[in-house]
Every structure is written in C-alpha cells, then in structure tokens.
1. Which is within 26 Å of A:ALA343 (Cβ to Cβ), free of Cβ contacts under 8 Å to residues at least 60 places away in the same chain, assigned by TED's automatic domain parsing to the domain that holds A:THR383 and in contact with a helix residue (DSSP H, G or I) (Cβ under 8 Å, 6 or more places away or on another chain), of A:LEU560, A:LEU594?
2. Which residue out of A:ILE286, A:ILE333, A:ILE246 is of a type in the set (A, V, I, L, M) and within 13 Å of chain B (Cβ to nearest Cβ)?
3. If you check A:GLU471, A:GLU416, which single one turns out to be assigned to a strand (DSSP E or B) and in contact with a Lys or Arg (Cβ under 9 Å, 6 or more places away or on another chain)?
4. Which ones in the stretch A:138-157 are more than 10 Å from every other protein chain (Cβ to nearest Cβ) and under 14 Å from A:ILE184 (Cα atoms)?
5. Looking only at residues that are within 30 Å of B:ARG170 (Cβ to Cβ) and charged (D, E, K, R) in the stretch B:314-330, which one is nearest to the other protein chains (Cβ to nearest Cβ)?
6. Scan the stretch B:272-303 for residues that are outside any helix (DSSP H, G or I) and surrounded by fewer than 24 Cβ atoms within 10 Å (Cβ to Cβ) and report the count.
7. For the list (1) more than 10 Å from chain B (Cβ to nearest Cβ); (2) modelled with pLDDT of 95 or more, I need the number of the one condition that A:ARG311 fails.
2 protein chains.
Amino acid sequence: MSSDEASAQEKEGDPTSGSIELLPGGRTIRGVLGATILDVLRENGVPIEGSCGGQGICGECRIRFVEDPPEPTSSDVAQLGASEIDSGWRLACRHVLDGDARIEVPRASGALDQKARDDKETTECALHPDVRARSICLARPSRDDPRPISERFRAALDGTACVPLAALRRLGELRDGDGQLTAIEADGEVLDACAGHTANIYGLAIDVGTTTLAVHLLDLATGRQLGAAASRNPQCRLGADVIARIAHVRHHGNDGLEELHSAAIGGLNALIEQVAGEASVPRTSICRATVVGNPTMVHLFLCVDPRGIDRSPYVPVFRDGVRCRAQEVGLGIHPRAVVETLAAVSAYVGADIVAGLLAVGTGGEGETTLFLDIGTNGEIVLTSGGRRIACSTAAGPAFEGASVVEGMPALDGAIETVRVLGGEVDCRTIGGAPAIGLCGTGLVSAIAELRSAGVIEASGRFADGGAWWGERLDGEGKRRRFRLTDGHAPVHLYQSDVREFQLAKAAVRAGIEIQLDHAGLAAQAIDRVLIGGAFSSRLSSEHLVSTGLLPEIDPSRVRLVGNVAGQGAKRALLDRRLVDEAEGVARSIEYLELSGDERFADLYVGQMALP
Amino acid sequence: MSSDEASAQEKEGDPTSGSIELLPGGRTIRGVLGATILDVLRENGVPIEGSCGGQGICGECRIRFVEDPPEPTSSDVAQLGASEIDSGWRLACRHVLDGDARIEVPRASGALDQKARDDKETTECALHPDVRARSICLARPSRDDPRPISERFRAALDGTACVPLAALRRLGELRDGDGQLTAIEADGEVLDACAGHTANIYGLAIDVGTTTLAVHLLDLATGRQLGAAASRNPQCRLGADVIARIAHVRHHGNDGLEELHSAAIGGLNALIEQVAGEASVPRTSICRATVVGNPTMVHLFLCVDPRGIDRSPYVPVFRDGVRCRAQEVGLGIHPRAVVETLAAVSAYVGADIVAGLLAVGTGGEGETTLFLDIGTNGEIVLTSGGRRIACSTAAGPAFEGASVVEGMPALDGAIETVRVLGGEVDCRTIGGAPAIGLCGTGLVSAIAELRSAGVIEASGRFADGGAWWGERLDGEGKRRRFRLTDGHAPVHLYQSDVREFQLAKAAVRAGIEIQLDHAGLAAQAIDRVLIGGAFSSRLSSEHLVSTGLLPEIDPSRVRLVGNVAGQGAKRALLDRRLVDEAEGVARSIEYLELSGDERFADLYVGQMALP
C-alpha cells in the first residue's frame, strides 16, 4: 500500500473529513469538513476555474450537485441562471463540505485549456533568459580583511554587477550566514541574494487575452515548463471587448483604469498562485515575466491610459516593449523581478501578434505566408519577399462565441464541429458533454456544412423548407432558426447568428484582400496560412475556405496553430534576445490602417455573401 | 499700509481669532481660536522645534506661558519636568489658542540652528546636479504621423533617454495636453514628465546626525538655498548614541531596525514638509537628495542592518555610496527622486566625514591638515604629503552635553562660554537666556578656565578650597561640584563632569597622537586644524589647546568650521561629480583601527591628565 493510499484510508475513518465523488469518472477525493468545495477540489489537484480568489464574484467555479444541492446563496443567484440553479449548479467557492457529496465538475474549458496547454512543443529555442543564479562563497570579514560583505559580494561577481539597495538590505540580513550565498542577477544588476546555494529561478510567460488570461511557469535553468493555468479575464465584467474597456476608462477616468488594471493583475495573481503552488515553486523565486497581449490589454496590464487607441488617429501611448519591475505592476512574484512586454506594431496589432510571428517563424525564406490571429479582432500579417504587412479588422465577438444567440465560450458542452450528411446533423461538443451552446469553431463549422447542404443560401438566408430540414426550421425573420441538436434542450443556429458570422468573415476577408492588393499578390501565391487565436484545431481548413473566410487556396496549405502568442512569450522568456528581435520585427512591419480605406468599405460589403 | 498690515488689522477685529505676544521681543501674532499654539507659531513663521508632527511625543516644541499657564496635559507631564511645568512650560502642540496669550518661545536651538544655518557660504561650487528639466513641444499624432507620444517624447529628448513605466503612465495622462511638456531627467533616465514648461526642480542636502537631523532645500537650477530646518533625531528615544541604537536592533531584530528607520524618515519628512512649505515648493518637485551621516545613521536611513558595526571586526554592510529612489526609503519627495548617500571609510568614519573633507577641501596642496569632527564619536583625519589617515575614537556623549550632570544640548539657556577673571565667573548662554545647563562647548570652556585659575588640578580634581572659590564648592567625592552661576537655580560643574571630559579628550588626543606617529610627524608640523561638529564657533581655540584636547600648536592655526558635513552634502547635491569624488576620497583614506591598538590604550591613560 502506498503512503498516499494509507493516508487516504486514514482520512476515511476521520470524522472531521468528508468525501466528494467526482462525476463523470467517479474518482473520490476527501477534504476537511467546513472547507469550501473549491478549496477541497484544488487541494486534490482537480482543475477548476476561478479567478476572484473565492469571493463569489467571477462565477467561474461552477459545479453541479448531482444529489441534494444545497440552498443557493446570493452569489449563486447573482452568477447563475434560475434554470442552472434548478439543475443543481452552484459556485464551489460559496459552499462548504458538510458530509459526503456527489458533484459534477466541468472540465477545464477548451479555450482555456488550449491557451494553457499549447506547451509540449516549446523549448527547442536557445536558453538565454538573461537571469542567472550564481553560487558564491564569501569569507567572513576579519581584522586583516575588513571589507564589507557588499564589496566581497561584488568582487565575487567579477565586480561588474550593480548592487541596489534591496540587495544591500538582503546582504545585511545574510551577514551572519555561513558565507554560502546565491546571487540572482538580471541584466547586470543583482536582483536578490539568498542564503545557501540551492536557489532555482523561474519565469512566467503571460498571455493577457481580452477574454482569457494564461500563465505558463518555466524553469529558466532548464527551459522545462512546470505548469500552466488559464482563466477568464476578470476584466470581462467591466466590458466584453477592448472597445468596451476603453469606454470604461473614458467613463470612469483614472479610477476606471485602476479598476481594469487591478482586475487583470488580480486574475493573473490567482493563476500564478495556483501554478506555483502546484509546482511547489516559491513565488519569490520567479524572477522574470514576459508578457504579451493586444495593445489595449498591455496598456491596462501596465496601468497606462489606453484612450488614444479607440479614437482616430488610433494611437497608443507606446508601441515599444516596456521593461519594469513586478512591484510596479503588482504581480505577486519576486518584487524586483524583471517584467517585459513585447513590442507592438500599432493600436490594434499588438505584442500578441509579434509574439505569434516569433513563434511561427514566418518570413525570410522567400515564402509567402498569411498569419491570422482571430479573436474579437482579426489581426492579419502577410509576409512576402522580405516585406511584412499587417492590418487589423474588427471581427466582432462572433468568433469567440459571443453575440451568437446560443453562443458560449469554448467550454465543455460547446458544439465544436458540425457534420451534415444524408439529412443527419451530427454535432460534437467539447469534452463530449451534452450540447449546451455554440462556440466560434462550431459556428463556422455549422455554417459551412449548412451552406454546403443548401440549408443556407449564398445571401445567408435560411432556404425555405420543404427538404429534409423543413422540420428543423422554425421562427420568423431574425428569430428564424435551425435546430442543431435534439433532446429536451436543443441548440439552435439563428438567422442573426449567420448575419453575425457574415459580418465577421467579411471584415477578415476584406482585410486579406486589401493586403494582397497592397502587396500586388494573388491569393494563389500564398504558400502557407497560419491561423492562431479563437479557433480550435478541430476546425476544418475546408470550412475556412468554403465559407469565404479565406480566399480560394488549397486547404492543405492552412494550419491551425493555436495560441501562438503564448508560445512566442515562452520563447522570449527563455531567450532574452528574442525580446529585442520582437522590437525589430514590430518596427519592420508596415501597418495598413483600414478604418479610413474606401476600398475596405467596398470589399467588406462585397464579401458578405457566402460562396 | 501694506496688504499684510491690512490683513493683520482685519484679523484684529475678528472674534474667531486671538493674539499671541511673543517674548522676548514683544512681537504680536494672530491665529484662529482653536488652532494649536504650534500651528499658529508656524503659520506666522516663528521658528520652533518639533519633529513628531504635533503628537506630543518629541517634547521639542516647548514654550513658556508667561501668564496664566493652562492646565498641563499628560504629554506635558510626560515630556517636561515638574519644575518646568511650575514655571509655565508647556508643549505648544498640546494647547490651543483660546484667547490672547503671552508666551516665551525659545530661540531655535544653537546646535540645530547651526546645522541648518551654515549656509551662506555655499554654492561657490559648480552646478552639475545631473538632474535637469527640459521644455519640449510635441506635435499631436495624426494619420500622417501616428507615432505614439512616447516615441515623440523620446525623439524630442534626442532619443537617448530611457522612458520607464512611471514616465509612460504620466505620458498617458498628458496625452490630451496641448503638447507643451517638461521632461525631468536624472542620469539618463526620465524621472517624470509634467504639463507645461514651468517646472522648477529642487534638491535636498540631508544630514542625518545621531542627535540632530538637518535638511537644506536648494534650487538645482540656480544653486540658491531656499530654506533649511533641523530637529532632534526622533531615534534618540530609542537610544542616545549609535551603540545604543545598534543594541536596539540586536534586541528587537528586524522590527527594531524598521522602527529606527521609520523614526529617522518620519523626522526628515516633517522637516521636508516644513522647509518645502515655507519656500512654497511642491514636494514632488524635489528630484534629488544627497545624504550624509555616520555609517550607523546611513545604514538606518536606508534600513540596512547595522549590527556588524559595533562588534569586532567592526564591519558595516557597505561603505560605498548608495543610490536609490525616494520611494525605496520613504522620503516624502518625488517618489522616483534619486537619493544618494556619500561613501564612507569604515564602520566609524562615515559619509559625514567624507562630506566634511569635500567641504573643507583638505589635502593636495602640500599642507598638513588635521580635521576633527567631534560629537559622540570623534573622527580624526590627518592629511599630509598626499596621504590621508583616519581614525575614530569613542569620545562619549560629554561633548554633546550628555553624561554631564547638569548637561544639555546646545539649546537656549545652555552655558556656552565661561570666563574666570579676578575671582569672578562670567557665563554666557546661548540666546542670552537664563542659564539652565551646560553644553559641550561650555564644558570645555569651564574646565579650561577653571584649570587655568587653579580651581582644577592637573589630575582633574577640584583643588581644596581656601581661595576665592571656596564658597563655590560643595559636596563630596564625585558629587563635589563648583557653582558656575548664582541665582535661585545655579548651574554647577561636577567632579564627575571633569572626569567625563578627561575621558573624552584623552580618547581624541590619543587618536591624534597615534595618527601623528603613524605619519611620522610632530604636532608642530600641522599647518591647520579644522574642527567640525558639536562645538560652536564661540569655543576658544586656546581652550582646545590648553585643556590638551589638541596638541600644543599655535591656536591661530585652529579653525572651528561648524557643520561641514551638511556643507559637503550641499556641494555634492549641486555638483554630482563630487559624489564620485567622495567615493575616491573615501577609498584613498587609510583607516587606523584603534580598538586593537595597544599604544592607544597607553596613550589614552597618559592623556587623562590636564596640562
């Protein structure tokens, strides 16, 4: 019997603990009576969302009591719908373990998962993190050599490192140690000194997405990833997209800015605590963080006013990478850890895109590459013949599953792929759970298949019934809808959803066309299309072409590359030289401002139809 | 009639205000009824001590109600003696103006005054403060030139300055301004940006003395001194000298260190508020501070553990100058202001001595100079033939007026000079006030005169009576004493005071002798003796020689130079190159450690006698 089993058995007889049976799967975990369900789940390593630190605010830690759900709390009522409450859904942070329970825990959401898990490929890059730990041994001062510890310390570091006040204070504390020290150096300055010679140093790659925050913990000595976590960006409650968040700042001034800044930092700190805790890494051993995000997100992360971004001429306060200390932004790692954001191109083409380019490695080899990062905004970078041209189009929230009537983020139960064959509609959901809504990937898939089956006309209208699908259509006008799944709570695609898709894809496609035109290229000249962002790898390349989101090119040239922004952040974390390279990449990119382009308006209208 | 007079007349009829007649002098000021006397005095520009911010803790704001003193408060009782309370002394911060009052306000104390006022000579030095304000005009971004404000800003500063996050945040706030900005630069980095082009920049020279804190406010653009203030170091209540303060840290650990640090910073911040307020300078316009003090004081100012200093081998954590930001130490000026401490030589020869050497400009010219800084410790630097030799001797508190039975700091009423002639004893006090005690200068003066008159023997004993002074002597053994002044509360010199003096002067003199011996020089080779520190300029050079504190040299070669540490700090503030020069001076000094020197013990005993 392993010691784990022994300890579990021991607990079993313990009258102060209770058990939770986790469904689906049936694994049973134990926890102390009176602890919140959230804490018990986390202590047992069960992945669960939650970015507000158990305050009942973010609504992300929802679980379902399969039997005897407790009375709903006011937070449950505020965060969950009445029908969810009736079905036994509750917030795990608002209920304590008071005996034995059987609950259903949604799998960590697909999108979040993906942001956090696109990991295995990493660390083929060189290790030059520019943070190092050096073991040194200092002789104690004596009458013969009364040099202070700071001078011995600097001499041991070849006399070059600057020893700032914070490090002097540490040396003062270590004065009585046994002379074995580890110096943590970053960029020619001593970041800290610790007793002994065992200090490991760690770094974070942080992806501040509009919708999702993701954090990756890496060992800077080996390049190994030790953990990752993602959660919904708590800023969402202050505005769904960057425009709404800038409006929040405009409305509430500096307080609004601070509020958004704190929301992001609070969410990140919860993730950092989680990921560091799971890897048993002290947070103060995290000495570097590399941060990517779109320009608005990076401004808010740094607490810099983003109000220039959404008004003509659309100018952020800065585009360059910014380097600061963790304590300046409030990240809960070593207070003097070096935090760097990567460079951006313009108000709407940000560090996330530059990081993505670093990760996918476009350009230079004579290849013509189209890189799309698709989320609420669609950023497009065309690389050809040594030139890089970027633009950004406002795709709207449809691709993220928002603004879709029965839309949802890429969480468990979201329809991800749709297949229409011989009058049958086959929907696959994330996690194999019963279908409860439609995510962005599912939206594209449904429209592509229904268009191909003739259910949707080129104009986007549902074709009038009569064929096999007649019984699946109901409603009128915008509320006309197609039933995708059966059962007592079917999921529908609405006429208005198709319109939302058309608007979004027309925006992206018009951007691509303008870029090709600007570069004097035909679509067929594109060697590779790389799609990062909201879409999951389950999305079929054919569907991207058949819906007209991409121009007519061979679908085999299209690759869904996932969260390349996070990948790029990790690379830049492990190889500091890439931070400078990012600056070069960003400055080398020609930016096409579409908002004043008349051709864009024409192309946009022209691309509304479905091929 | 001036507007001031008009306003005073206006107030006179005001039933909500009261008057205070100030004695001596009879000037009348007015204040709002209900305001504390301290506030009324300060509002009217009456100089008065007080370092605790009006909390009744420091006991420094004592005033005497000449008529109808109010009931004493518990703070009065805690801070003042019963006889003082009987005489009408109260704390100005603990009593409010409730009508008209006649009060006596002690002149700002001699020592404090001197620390703060040694000013007029300054600013002959070059102006290279290494902080500058540059007016720049930025064009607004446009579609044709969409460069962010940060890039325009950096370009306007020749592209060289680094723009840290704090400055980016300011640029974000200034985004909507009219394009006129002032950039404050320090050492190649942008410290801040402000709207408009009127920003003046200021600096502080700070002298963190064991007993007294002093702050000088200077205009960094002109070098002009705008104000100065001094107060008792609030650390005094945690320990009278550096040894007692280090003991406090040893006893209370990190809490004790923080407590001492906060006490000093709190005292300095009160002074900064006062001096900036009086000069109408916003504290955030203070962008640089240069700090001097002995090594323990500098460690405590920076919150670095000083425990290495008082135990063999007497090694501080650092000797070099330290550069940090105001926010790192808690100084209430611009949070990113550059704060620099000057370099020290050893655990007991500190930045104050190095600053003093910068100010008096010893050495180099082939002259042999002896520089003494006399306080609780006596630091001695002998400069000769390009060599500088320093040592430190523990003089004890006698020269500061402490450890003397009726001793007191150099405040109003302290006997400063004593003259014995024809059986008459003539005592002069600071401020001409009735004598209430003996300060360090007075102690030396009294002993010199009484020795010369034969009242004190070479051994230090009071000669047995019989002559004119018989009736002035009473008591036995250590309590035997000489009456210096007459009246109902005479001041005495005790036998034990003479012993204290002998110990102190023997320590200093032995240090001088060892240095001369080390340098192979005779006393007569000394061209100049410069005495800084506790002694006032009233002290006669003859007395310093006749008591044996100095070797037998021509008294005309002796000069009392006052608070040269503060002078040096001011010079280094105005000319940043002197900070580096201080580093060079500190490293060029040979340090003689006396504590293990056997000759020192012998010389010390040998120098106890009075010549």
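The values are calculated or read from the model by the stated rules, or taken from the named source; none is laboratory data. Worth saying up front: this structure is predicted, and the values here are computed from it rather than measured. Methodologically, a virtual Cβ is constructed for each residue, glycine included, from the backbone with ideal geometry; neighbour enumeration extends over all protein chains shown.
1. On the way: A:LEU594 fails: free of Cβ contacts under 8 Å to residues at least 60 places away in the same chain.
The match here is A:LEU560.
2. After ruling out the rest, the residue left standing is A:ILE246.
3. Going through A:GLU471, A:GLU416 in turn, just one is assigned to a strand (DSSP E or B) and in contact with a Lys or Arg (Cβ under 9 Å, 6 or more places away or on another chain): A:GLU416.
4. A:ALA156, A:LEU157 - these are the residues of the stretch A:138-157 that are more than 10 Å from every other protein chain (Cβ to nearest Cβ) and under 14 Å from A:ILE184 (Cα atoms).
5. B:GLU328
6. Of the residues in the stretch B:272-303, the ones outside any helix (DSSP H, G or I) are B:279-282, B:286-294, B:303.
Adding the requirement that they be surrounded by fewer than 24 Cβ atoms within 10 Å (Cβ to Cβ) leaves B:279-282, B:303.
The total comes to 5.
7. (2)
Results for (1) touching an Asp or Glu at 6+ places or on another chain (Cβ under 7 Å); (2) within 18 Å of A:GLN235 (Cβ to Cβ), shown as yes or no for each residue.
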residue: A:GLY266; (1), (2): no, yes
residue: A:THR284; (1), (2): no, no
residue: A:ASN294; (1), (2): yes, yes
residue: A:PHE318; (1), (2): no, no
